[in-house]
Structures are given as C-alpha cells and as structure tokens.
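What follows is one structure encoded as structure tokens, with my remarks underneath.
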C-alpha cells in the first residue's frame, strides 16, 4: 500500500465536501444536529486549497490531512479518510510518521462521540482538557518528556 500526499486544488472541492460528509456527518449530527445547507455554506467559507493535503492510497484520493507546525508544538488540525479507507492502518501510519518525525508535542481535538479517539489513545495521546463536545488531546514528544 503506497500512501502519499498531494496539494489541494480548486477541483478538489466536491471530493472534500463528500469526504466531510462521509467522515464526519454522523458525529456532527449526534453532537449538534446536521443542517445540510448550513454545513455546505460553512464548508464553502472554510475551503482553502493552500491549507492541507489530499491523502492518496495507491494514487487514489482517500482523505485529507492538515497539520499546523507552530513554534512550540504541532497541531494535527484534521485527518479524515473515506470510509472505505478507514480501519486499514492508513491513519495509524500517517499519525505514527508525524509523531516519529516531530521533535515537538502533537495536539489534536476530537469530538467525544468520534471513535477515532480510541486510535489516538492507542497511539499515546492523553486527554489534556475537554469541552462539552470535544476531547483536547496531546502526545508529549520524547525530547520534551
């Protein structure tokens, strides 16, 4: 299995909208309810091809990754995979690579109802804080511990 990344372009909007729906709709609906029109307008406003990359698996578009490198830490802002690419070790491989190549702590947040939180715990992330809807998690780098 060949996992790689490519830049996002304007033609990727519909793919990313489909990905947003297939990867998050269930969890957003459980948390706040799902309003299709509001979600679409919000997604259109936030769409920025300069932010993030398309995850490809064997040259097939499979997901989205957005990592923000800050001075003192790295923010795993988003990792999403289409359902047919989930539970195949792809997300684990990507996150492990990020952790192994980073010399800084990695932070993320996840909806409490999203089962991806189990993966994050398995990879060593700990809950640092929480809101009514999200867990804010951190994996302290070996250099900082």
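Scan the range 113-123 residue by residue and report those that are part of a loop (DSSP other than H, G, I, E, B) and loosely packed, with under 13 Cβ neighbours inside 10 Å.
Kept after step one, since they are part of a loop (DSSP other than H, G, I, E, B), are these residues of the range 113-123: 113-115, 123.
Once the filter is applied, which keeps residues that are part of a loop (DSSP other than H, G, I, E, B) and loosely packed, with under 13 Cβ neighbours inside 10 Å, the range 113-123 yields only 115.
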*asked:* I need the full set of residues from the range 53-110 which are over 25 Å from residue 130 (Cβ atoms), in a loop (DSSP other than H, G, I, E, B) and touching a helix residue (DSSP H, G or I) at 6+ places or on another chain (Cβ under 9 Å), in order please.
replied: 82
*Of the residues that make up the range 80-100, is at least one more than 21 Å from residue 8 (Cα to Cα) and buried (at least 17 other Cβ atoms within 10 Å of the Cβ)?*
yes
*Just name the residue that is surrounded by the fewest Cβ atoms within 10 Å (Cβ to Cβ) out of those in the range 1-17 that are in a helix (DSSP H, G or I) and touching a residue at least 12 places away in the same chain (Cβ under 8 Å).*
10
*Return only the number of the condition from (1) closer than 30 Å to residue 12 by Cα; (2) in contact with a strand residue (DSSP E or B) (Cβ under 9 Å, 6 or more places away or on another chain); (3) surrounded by fewer than 18 Cβ atoms within 10 Å (Cβ to Cβ); (4) at pLDDT 95 or above that residue 110 does not satisfy.*
(3)
*Do you know which residues across the range 98-116 are over 16 Å from residue 77 (Cβ atoms) and free of Cβ contacts under 8 Å to residues at least 60 places away in the same chain?*
100, 101, 103, 115
_I'd like to verify a number: residues in the range 19-52 that are exposed (fewer than 12 other Cβ atoms within 10 Å of the Cβ) and assigned to a helix (DSSP H, G or I), how many?_
7
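The values are calculated or read from the model by the stated rules, or taken from the named source; none is laboratory data. The structure presented is a predicted model; accordingly, all values stated were derived computationally and were not measured. In this analysis, Cβ positions are derived from the backbone assuming ideal geometry, glycine residues included, and neighbour counts consider all displayed protein chains.
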